[in-house]
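The values are calculated or read from the model by the stated rules, or taken from the named source; none is laboratory data. Computed from a predicted model, the values in this text were never measured in an experiment. When we count neighbours, we look across all protein chains shown, and the Cβ atoms used for this are built from the backbone with ideal geometry, even at glycine.
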Amino acid sequence: MNYEIIGSNMQYLKVKLNKGEKFYGDSGNFVSKSDNAVMEPKLAGGIVSALERHWTGATVMLTEFSAKEDNATVTLSGIYPGKIYAVKLGPGEEFIAEHYAFLAADQDVKISMAAVNLGAAFFGKEGLLFQKFTGPGVVA
């Protein structure tokens, strides 16, 4: 995933695609796309992954962004002001995040559910279920 993080406090993610490249994003974070970029709703990972995303509070459908020709761009932004971080995962490496933290991921990144300890959820006042991303690939 060829990307650029732009801005300081209200950042956005600009992904550049060449023909044949694609990535997944959360449609609720979509800002804009070039004419040569295509967006299509998908049940990425199948019905089980879609149900896991639903249980974590995330959207069931992900949007697959692809390019009809070279130099397509797609722009995504978070729903809250703040910084965007891209995490590069090696094969089998995992990253766990809140559901609202996900913007985009390479097509090879597996998205699933992760549960936390009940005590940590109670005392930390966070949810019980999170999204888990397994590499290889980039997650933002």
Among (1) modelled with pLDDT of 85 or more; (2) touching a Leu at 6+ places or on another chain (Cβ under 6 Å), there is one condition Ala121 misses while meeting the rest; what is its number? (1)
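Residues checked against (1) over 19 Å from Glu4 (Cβ atoms); (2) surrounded by 18 or more Cβ atoms within 10 Å (Cβ to Cβ); (3) within 13 Å of the chain's Cα centre (by Cα):
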{"position": "Phe65", "(1), (2), (3)": "no, yes, yes"}
{"position": "Ala72", "(1), (2), (3)": "no, yes, no"}
{"position": "Ser77", "(1), (2), (3)": "no, yes, yes"}
{"position": "Phe102", "(1), (2), (3)": "no, yes, yes"}
{"position": "Lys110", "(1), (2), (3)": "yes, no, yes"}
Only listed residue being modelled with pLDDT of 80 or more and closer than 16 Å to Phe133 by Cβ, chosen from Asp106, Asp70: Asp106
Using the structure shown, decide if Ile84 is in a loop (DSSP other than H, G, I, E, B), in contact (Cβ under 8 Å) with a residue 60 or more places away in the chain and under 13 Å from Leu13 (Cα atoms). yes
Sort out which residues of segment 1-19 are over 21 Å from Leu89 (Cβ atoms), in a loop (DSSP other than H, G, I, E, B) and in contact (Cβ under 8 Å) with a residue 12 or more places away in the chain, and write them in order of number. Asn9, Asn18, Lys19
Of all residues in segment 27-61, which are modelled with pLDDT of 85 or more and either under 16 Å from Gln131 (Cα atoms) or not polar (S, T, N, Q) (or both)? Gly28, Phe30, Val31, Lys33, Asp35, Ala37, Val38, Met39, Glu40, Pro41
